[in-house]
Number of protein chains: 2
Amino acid sequence: MTRIVDVEVHDVRFPTAATGDGSDAINRGDYSATYVELTTDGGPTGAGFTFTNGRGNEITCAAVRALAHHVRGRAVAEIAAEPVAFWRSLTADVQLRWLGPEKGVIHMATGALVNAVWDLRAKLAGKPMWRFLAEAPTEDLVASVDFHHITDALTPDDAAAILDKGRDGLAERLAALDRDGFPSYTTSVGWLGYPDDKVRALTRAAYAEGWRAVKMKVGGPLDDDLRRARIIRAEIGPDALLMMDANQVWDVDEAITAMSALIEVDPYWIEEPTHADDVLGHARIARAVAELSEGRCRVATGEVAANRVIFKQLLQAEAIGVMQIDACRVGGVNEVLAELLMAAKFGVPVCPHAGGVGLCEYVQHLAIFDHLRVGTGLDGRMVEYVDHLHEHFVDPVRTRQGRYLLPTAPGYSATMRPESIAHFRFPDGPAWR
Amino acid sequence: MTRIVDVEVHDVRFPTAATGDGSDAINRGDYSATYVELTTDGGPTGAGFTFTNGRGNEITCAAVRALAHHVRGRAVAEIAAEPVAFWRSLTADVQLRWLGPEKGVIHMATGALVNAVWDLRAKLAGKPMWRFLAEAPTEDLVASVDFHHITDALTPDDAAAILDKGRDGLAERLAALDRDGFPSYTTSVGWLGYPDDKVRALTRAAYAEGWRAVKMKVGGPLDDDLRRARIIRAEIGPDALLMMDANQVWDVDEAITAMSALIEVDPYWIEEPTHADDVLGHARIARAVAELSEGRCRVATGEVAANRVIFKQLLQAEAIGVMQIDACRVGGVNEVLAELLMAAKFGVPVCPHAGGVGLCEYVQHLAIFDHLRVGTGLDGRMVEYVDHLHEHFVDPVRTRQGRYLLPTAPGYSATMRPESIAHFRFPDGPAWR
């Protein structure tokens, strides 16, 4: 009976701000991780993290330390037997809840800890996370979801029905994934920090490598956005998908105005057109872009959606045509399960957010599980791919011609290489001294 | 030309958890403050804080330290000349924004710092905050609001029109306030931790003291809630106002079921009936309680509303009949201005959240300013009052027969007594050793 004996947290930061990688309308940072290790009284170490943008990573580290007493000393089997009770010990702590609730720093820290526990559970089971979840009994998965505040959109019975139905054809879907990999798209061609020539060259190279879906950043001067969009559309031709991401920079009416011009290049989605909390605003924009494009363009969001209650409303208000879950902004696997199940119930495909540090490593498991057992269809499903910082992980993502290959190592692919932690630890690692 | 030379932050905690004061359906804590002092190169010290519930106060302190470089070294006159640029230096920091955006720990820390700057500005002007704001030129107040992401509900022109109109009758309203004080209500009678006899005795005493509006906590077993509600209604008679506060414990349909029973005692509002982020849920509950009560009962919320974008939607969706602003969960005075102006535009009265540590001290200024210059009418306006921890402030609130008396000292009444800081500093103060 494995017990978690200690919780260690490392402030790991990669100096990416200087290169312009990852720059968009609102963020420019040093991709960082609040990295958690759960040491046990024997057997594997659980690894989890939340992603941050550099400054302030010490704040999420402090939040992990404030929550760690809910994890330290716990037997893994006890947690697995009462997963929602464990989850609520973190999210409904009578003193810490005030700092959220269920949002921002305290919730991101919860995500790091909860994911580390899931990584440990999958490692103990000897399975990659996607398989650990896909092969779990329906009742275990349902028992892992906190339905508090979402029963008006998803009940335990709804969830069980979706997961039971998800067993149909699972073996066939798995065989196809094993052969073909999981579809993805690339965001590496169109960061705002890149000049036109670099955008053109990167797009051409990505197309040659097999990518048929690419995403660009928008939200700068509209003329610039449109010029870069035309370059990309010209390179990828009329059939490949071009997505746009405004990173929340617009007001609601500004978003509609901008999309009235950008619709010319046939965008597949507009991501984060306005403030992440603005459910009603996203709904208005969704109606407008659908009308502008005769239904071809939709709104996508989620990387900054604080929790399952925001996702619930985005679905209820028909504000999104694509749900972009994040693996570690919300409270880890338990809350992601709720989000995947709600998306399935509302018939909205899930295209997880990735990039940053280790987000591709995390979300590949979630997307594969979603396809195998929850959302099932592949139509419109793809995982973001950014070719940054994978070398720091023990079990990095592997792609082939724009598709993710199935991870095979036990766990959640979240384990960072010890030498990377040592080198990039802030502020005392050699990279920062 | 006064310059801010340093930012000091103190982790101050009062051991209130043991007594049951402040206990509700979801929170039970040691009322605490992340207390900020801005020392200057001459003249007064600026004081501000954000309220927390005990554990985790060190996290908001860490967040203040992460933001402090945006404040340290700044001339007060420079900040006053470009207030939104200053505010955005905190809320739109390209690395720290990821930790919110504009919510939770990082936004609460922003509130503490921003309020400390406003306290300093009012002290330099020699005016209590309410007067500093009420006498400000319209253009200065409009220039203090960040309209980003709210222009679909409130434009700068809307704001200017409201503030100009607010000059009409201001002198008469001020004379009446000076004579009568500002209406308030008490939450001290009905905490969940209190037994029936204590609730009865406290309600009787409050009524005798002149209170004609009292609030009780609900969200425990429905039978208990109803029994306590009947006790309170019997004590205050049919004409006084009885408010209820569920502190987010219910799901949407549970809230409607519970209110179907509790409507018997003629509640004036139901506060936080469900998750603070659930705009659509609040709207459904608002429609239901209005129908159950033939329009007598409404939904109130706001103490945990993360920012102006959430408040905007609560108003757009007609989800609230009372807006409860908090002085320091959002980004300080600048963002509260946006909220007061939106409430005025949508015709919803503002009844600020108070209690905790120093919240009464803060919000009295905001409510008075709102009445004098923004919302103007007194109909339905009152400030929460809780008789806790005022003794730790240099300029504590003063009440008379259930009404707040006008503060007279310069500043925002946020300055804590040095001996209180020393005694309750965590973890090294004598109260915690």
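Among residues of segment B:238-252 that are in contact (Cβ under 8 Å) with a residue 60 or more places away in the chain, those with a Cβ under 6 angstrom from a residue that is in a strand (DSSP E or B), sequence gap 6+ or separate chain, pair up as B:D245/B:K215; B:D245/B:K217; B:D245/B:E271.
Restricting to segment A:244-288, name every residue that is farther than 20 Å from A:R228 by Cβ and of a type in the set (G, A, S). Steps first, please.
Step one: filter segment A:244-288 for residues farther than 20 Å from A:R228 by Cβ, giving A:251-253, A:256, A:274-288.
Residues satisfying the conditions are A:A276, A:G281, A:A283, A:A286, A:A288.
Inspection of segment B:13-29 finds no residue satisfying the criterion of being modelled with pLDDT of 95 or more, farther than 17 Å from B:F393 by Cα and buried (at least 18 other Cβ atoms within 10 Å of the Cβ). Residue count for segment A:391-431 under the criterion of being modelled with pLDDT of 95 or more, surrounded by fewer than 17 Cβ atoms within 10 Å (Cβ to Cβ) and of a type outside the set (A, V, I, L, M): the result is 11. Tallying residues that are outside any helix (DSSP H, G or I), more than 9 Å from chain B (Cβ to nearest Cβ) and touching a His at 6+ places or on another chain (Cβ under 9 Å) within segment A:96-129 yields 1.
Tallying residues that are charged (D, E, K, R) and either surrounded by fewer than 24 Cβ atoms within 10 Å (Cβ to Cβ) or touching a Pro at 6+ places or on another chain (Cβ under 9 Å) (or both) within segment B:315-341 yields 2. Consider B:A77 carefully, then state whether it is more than 10 Å from every other protein chain (Cβ to nearest Cβ) and either over 30 Å from A:R13 (Cβ atoms) or assigned to a loop (DSSP other than H, G, I, E, B) (or both). Here the answer is yes, as B:A77 does meet what is asked. When segment A:375-390 is filtered for residues that are crowded, with 24+ Cβ neighbours inside 10 Å and of a type in the set (V, I, T), only A:V383 remains. Within segment A:41-50, is there a residue that is touching a residue at least 12 places away in the same chain (Cβ under 8 Å), under 25 Å from A:D277 (Cβ atoms) and touching a strand residue (DSSP E or B) at 6+ places or on another chain (Cβ under 9 Å)? For segment A:41-50, residues touching a residue at least 12 places away in the same chain (Cβ under 8 Å), under 25 Å from A:D277 (Cβ atoms) and touching a strand residue (DSSP E or B) at 6+ places or on another chain (Cβ under 9 Å): present. Taken residue by residue, segment A:342-359 has no member that is in contact (Cβ under 8 Å) with a residue 24 or more places away in the chain, surrounded by 23 or more Cβ atoms within 10 Å (Cβ to Cβ) and among the charged types (D, E, K, R).
Candidates A:P410, A:P427: the one that is over 19 Å from the mean Cα position of the chain (by Cα) and under 26 Å from A:G169 (Cβ atoms) is A:P410. Looking across segment B:280-297, the residues that are among the charged types (D, E, K, R) and more than 13 Å from B:A255 (Cβ to Cβ) come down to B:E291, B:E294, B:R296.
From the set of residues in segment B:32-53 that are within 17 Å of B:G429 (Cβ to Cβ) and within 10 Å of chain A (Cβ to nearest Cβ), which is farthest from the chain's Cα centre (by Cα)? Working first, answer last.
The first filter runs over segment B:32-53 and keeps only residues within 17 Å of B:G429 (Cβ to Cβ), leaving B:32-35, B:37, B:49, B:52.
Filter again for within 10 Å of chain A (Cβ to nearest Cβ), leaving B:32, B:52.
Details: B:S32: 15, B:T52: 13 Å.
So, considering only residues that are within 17 Å of B:G429 (Cβ to Cβ) and within 10 Å of chain A (Cβ to nearest Cβ), the one farthest from the chain's Cα centre (by Cα) is B:S32.
Residue count for segment B:286-310, restricted to those that are touching a strand residue (DSSP E or B) at 6+ places or on another chain (Cβ under 9 Å), within 13 Å of another protein chain (Cβ to nearest Cβ) and under 11 Å from B:M259 (Cβ atoms): 0. The C-beta contact set for segment B:161-179 (first residue β-branched (V, I, T), second residue in a helix (DSSP H, G or I) and surrounded by 14 or more Cβ atoms within 10 Å (Cβ to Cβ), distance under 7 angstrom, 6+ apart or interchain) comprises B:I162/B:L341; B:I162/B:A344; B:I162/B:K345; B:I162/B:V374. Here A:V64 passes the criteria (1) part of a helix (DSSP H, G or I); (2) more than 14 Å from chain B (Cβ to nearest Cβ); (3) of a type outside the set (G, A, S) except the one numbered (2). Taken across segment B:130-147, residues that are under 18 Å from B:Q316 (Cα atoms), away from chain A (no Cβ under 14 Å) and among the small types (G, A, S) do not occur at all. The sole residue among B:R200, B:R233 that is basic (K, R), over 18 Å from B:A246 (Cα atoms) and out of contact with any Lys or Arg (no Cβ under 7 Å at 6 or more places or on another chain) is B:R200.
The residue that is surrounded by the fewest Cβ atoms within 10 Å (Cβ to Cβ), counting only those in segment A:208-223 that are hydrophobic (A, V, I, L, M, F, W, C) and assigned to a strand (DSSP E or B), is A:A213.
Among the residues of segment B:263-272, how many are buried (at least 24 other Cβ atoms within 10 Å of the Cβ) and either more than 11 Å from every other protein chain (Cβ to nearest Cβ) or touching a residue at least 60 places away in the same chain (Cβ under 8 Å) (or both)? Result for segment B:263-272: 4. Would you mind telling me which numbered condition in (1) of a type outside the set (K, R); (2) at pLDDT below 95; (3) assigned to a strand (DSSP E or B) B:A205 fails? Condition (3) is where B:A205 drops out. Within segment A:153-177, the set of residues being of a type outside the set (G, A, S), touching a Ser or Thr at 6+ places or on another chain (Cβ under 9 Å) and part of a loop (DSSP other than H, G, I, E, B) comprises A:R167, A:D168. Looking across segment A:306-336, the residues that are closer than 25 Å to A:A143 by Cα and in a loop (DSSP other than H, G, I, E, B) come down to A:A306, A:N307, A:Q324, A:I325, A:D326, A:A327, A:C328, A:R329, A:V330, A:G331.
The values are calculated or read from the model by the stated rules, or taken from the named source; none is laboratory data. All values derive from a computational prediction rather than experimental measurement. When we count neighbours, we look across all protein chains shown, and the Cβ atoms used for this are built from the backbone with ideal geometry, even at glycine.
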